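Notes for the one structure printed next.
The values are calculated or read from the model by the stated rules, or taken from the named source; none is laboratory data. From a predicted model like this one, the values you see are computed outputs, not experimental measurements. All Cβ positions, even for glycine, are placed from backbone atoms using ideal geometry, and neighbour counts span all protein chains on display. Surface areas here come from the heavy atoms of the whole protein model, side chains and all, with no ligands, DNA or RNA. Shrake-Rupley method; radii C 1.70, N 1.55, O 1.52, S 1.80 Å.
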Amino acid sequence: MTANHDDKFNDPRARITPRGILIGVGIAALAVIGAAASIRGRRTQLDETRSFWGDDTVTALQLGERMEVILLGDAQAEPIELTAMPGLGLLRHALLDERSYDWTSRGSTPLASRTSSRDDATEPNRIRLRITDPNAKRFEPIEIDLELSSGWVGDAAATKSVRLNDRTEPKLRNYFKTVIHSEQKRSDFRE
């Protein structure tokens, strides 16, 4: 007693034409190309970063278990633990992505000789980022020095330095100053 409903499945008004198939294939191809371009554009670009920092530093920035900020010039300050801090993934990405740097400023000049015209005596301007991997031991401890007021970044051994670009420099400066201020307020509260 089942009735065949040909009128529901074989509507004479609906026609599949070569033109309709071509439009469908074109839309699908555009979607695939757009997705591939989106993935490629958002992927962290590491070529220049790897040649500047080296494989160990790139590995440390990607996989390091512990990150600490050390205030240079303040011998009494305790290191600030960043390991569970919000925004750590964005910090890692900013330091890894080659688009974060002005590669024309790249040089072998030590960071200490890079002076800032915006020095503020009340704000910590030079910090050291220490990255360690105590459990997996995939690399030796890595230390990166940052000059917050001018945006220079270099290795702690003072063999190379590069300037952050105008887009990344204020973001990192604000991030670190927020972390430092919140830690200082927390330590004041404990006392």
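Projecting the Cα atoms of A156, T57, L46 onto the charge dipole of region 46-189 (Cβ charges, centred on the Cα centre) puts L46 farthest toward the positive pole. Put a plus charge on the Cβ of each Lys and Arg, a minus charge on the Cβ of each Asp and Glu, and nothing anywhere else: the dipole of region 46-189 about its Cα centre is then about 200 debye.
Probe of 1.4 angstrom, ligands and nucleic acids ignored: what's the accessible area per residue over region 46-189, in square angstrom? The answer is 52 Å² per residue.
Kirkwood hydrodynamic radius of region 46-189, from the reciprocal of the average inverse Cα-Cα distance over all distinct pairs: 15.4 Å.
Using r as the Cβ-Cβ distance of E98 and L30, and R0 as 30 Å, what FRET efficiency do you calculate, to the nearest 0.05?
Calculated value: 0.55.
Percent relative contact order of region 46-189, based on C-alpha pairs within less than 8 angstrom and at least six residues apart? Computed value for region 46-189: 26 percent relative contact order.
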